[in-house]
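Colleague: My structure is below; once you've seen it, I'll send some questions.
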Amino acid sequence: MDQVFVFVLMMAAVVLANVLAKHLPVIPLPFWLIGLGMVLAIFPFFRSFTLDPSVFAFAIITPLLFNEGQNASRLWIGRTLGNILSLAVGLVLVTVLVLGFGLSTVTFVPLSLAFALIAIVTPTDASAVTAISRTNPLSEGQLLILENESLFNDAAGIVAFDLALAAFVSGQFSAWQATGQFLYVAIGGILFGAIVGTLIVSLRTQLIKWGDDEPIIMTTLQLLTPLLVYFFSEEMGFSGILAVVAAGIAHGVERDRLRLTSARMQIVSTNVWEMVTGILSGLVFVLLGVTLPTVISDAWYDNTFILLNFIGLGIYFSKLIMRILWSRYLVKVPHSKRHWHDALIIGFGGANGTITLSLAFSMPRTIAMRNELIFMAAVVIIISLIVPPLVFPFLVKKQPVANKQHIWVRRMLAEGIKAMREETEHPAEAQIVLDSLAQERILDDAPNRKTQQLLFQQVIDTEKQTIESLRQAKTITDDEAHYYNNFIDLNNFTADQRIWKNLFLRARFSLHMGHVYRDLRSVQDAFLTSPINLEPIYWKKQFTAHGEDILPIEKIGYDAVMKHLSELETKDNRAELNNIRRFYRDRHRRIQVDSVDADIIYQMFLKAFHAEYELIQAALGKGEITAELAERLQQRITFDEITYLQNRNAFQI
């Protein structure tokens, strides 16, 4: 139970870190994760927390590499295969051999463990590269080389790490034997993974043909695939990691071939994998934070803290120089003549991340220097995450892509709202869509509750003054004014949405319905219905019972409120006023219209989405936005459509 509670707290830390990183982006996500992990380390039950090192390879590294494999660009892997193999295999092996021998020569680290440590820090992190490129956009060739290199050098580094550990355990190291073993486990793993991956892909394709492409079947099978491939590959003496990568690429080929076939399954699968990889990556960095205080404390008391930091710095900068020189002379970015610039980008873009950290934690606890090796690996990771954001702004032109996307999201929502305002044939249904789009547009601006209450009171006073003017002008009777003022007060009571008020209204309306219809079922149905839906029915019956009509009075009150809201609007209170407008529009629609047509609402949403699509298409044609931004915007519209389809009933009340 304690272990379960520990994992729950660590997952909570992952969630909190992601929230903090979004609102305070100046500090990268990994540092939030590490920091919160160090906070968790304060609690006693984390001090004795241990995790089996074999869990990292099986449960964390395997799913992450499989997902990288299925998301890799098959087209660009083919076009830049020479560059990728040069960086992912050639550079990895040379780095491990050169820096491994050097580290063993000048420090106290044994040769086999030196090889293991360098193998740990050779894998690069594709997500770190992508995060850096969001604000410092790289060329397509540079970015794709770095992303695809990450997939293959992860695998090469892990295989080299396994061989180094095997040499340490056996106490023997032979270059020829190691090379032969490397080729055996690598080629065997790739072939095994490709074959098994293709067989599982065939099974998935057959399930689609049989109509069994339910997310619970397909996504579960996909999540099990890397675990099964890794387990059986290792049992056969091959590299489980390379087998998983090959199986991931096979699944990526399947996704390319299916395209729009089984779209629901693909969307669910993408979202599930995004969540799984995000949680796993986050947990690894939180665990580093949990572990660091103990590791630092041990290093401090052993008087090796400063030395381990210097070794970590030396490894990072030695590796960086080798990457830059290797990239300058042995890597060629397509359609680019700026060779040194490309070399610097690729060199500094080799940030370490989740795989490096997972490898460090996967070292057996029997290794005496395990904590020291984890600490040095952590130093390399942290430096590799700090340096690129500092250097890249000098190498590439900064571009606030996120802000630009935010602007275009608001523009396309405005286009959808415009289309609904121009709709005259079905105003009630169009108003539902308009309110939904308007609410989406202001979600980024959190309304101030106190300000909203003050503004709400102002418009209530305005509506009451309007009704009083009608009474004094003899346009309405004293009874109509009295009942309508009661309607306003109860309407304000309903808008508060506190639990006790909600229960009070449910009781009041259910008793009223029981009195009208004289049966218990009506009372039960009314109590289970939202008060905001019952209120119009209640007041229509109240006015009708006294021989009066609420509709024309409500129309005058509604128009007065809308006019006053327009007069009150400033750039500082827009979010609050939009919430109030939405409330009054909902009230007006429910009072004036007995029911809305679900099919018409669907047509109105399609019309709004079509207007948004047309705006994006026109902007792309004029060169105002990039194809990448257009794709993200269109993806947002698609998700809005899916959300509507999943919640259609909510728009009909």
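The values are calculated or read from the model by the stated rules, or taken from the named source; none is laboratory data. Model, not experiment: these values are computed from the prediction. All Cβ positions, even for glycine, are placed from backbone atoms using ideal geometry, and neighbour counts span all protein chains on display.
Colleague: Go through region 581-608 residue by residue and tally those that are closer than 30 Å to residue 452 by Cα and modelled with pLDDT of 85 or more.
Modeller: Counting residues in region 581-608 that are closer than 30 Å to residue 452 by Cα and modelled with pLDDT of 85 or more gives 3.
Colleague: How many residues does region 298-307 contain that are among the polar types (S, T, N, Q) and modelled with pLDDT of 85 or more?
Modeller: 1
Colleague: Something else about it: Checking the condition modelled with pLDDT under 75, assigned to a helix (DSSP H, G or I) and charged (D, E, K, R), which residue from 415, 440 passes?
Modeller: After applying the criteria, what remains is 440.
Colleague: How many residues does region 203-232 hold that are out of contact with any His (no Cβ under 8 Å at 6 or more places or on another chain), under 26 Å from residue 185 (Cβ atoms) and not aromatic (Phe, Trp, Tyr)?
Modeller: Residues that pass the stated criteria total 6.
Colleague: Here is a follow-up. Look at region 225-244 and say how many of its residues are closer than 19 Å to residue 203 by Cα and in contact with a Gly (Cβ under 8 Å, 6 or more places away or on another chain).
Modeller: Total meeting the criteria: 6.
Colleague: Still on this structure, I have one more. Residue 368 - would you say it is at pLDDT 85 or above, part of a loop (DSSP other than H, G, I, E, B), small (Gly, Ala, Ser) and under 30 Å from residue 300 (Cβ atoms)?
Modeller: no
Colleague: Inside region 8-56, can you point out the residues that are part of a helix (DSSP H, G or I), at pLDDT below 85 and surrounded by 14 or more Cβ atoms within 10 Å (Cβ to Cβ)?
Modeller: Within region 8-56, 46, 53, 56 meet the criteria.
Colleague: When you look at residue 333, is it modelled with pLDDT under 85, surrounded by 18 or more Cβ atoms within 10 Å (Cβ to Cβ) and not in a helix (DSSP H, G or I), yes or no?
Modeller: yes
Colleague: While we're here: Can you tell me how many residues in region 443-464 are touching a residue at least 12 places away in the same chain (Cβ under 8 Å) and part of a helix (DSSP H, G or I)?
Modeller: Number satisfying all stated conditions: 10.
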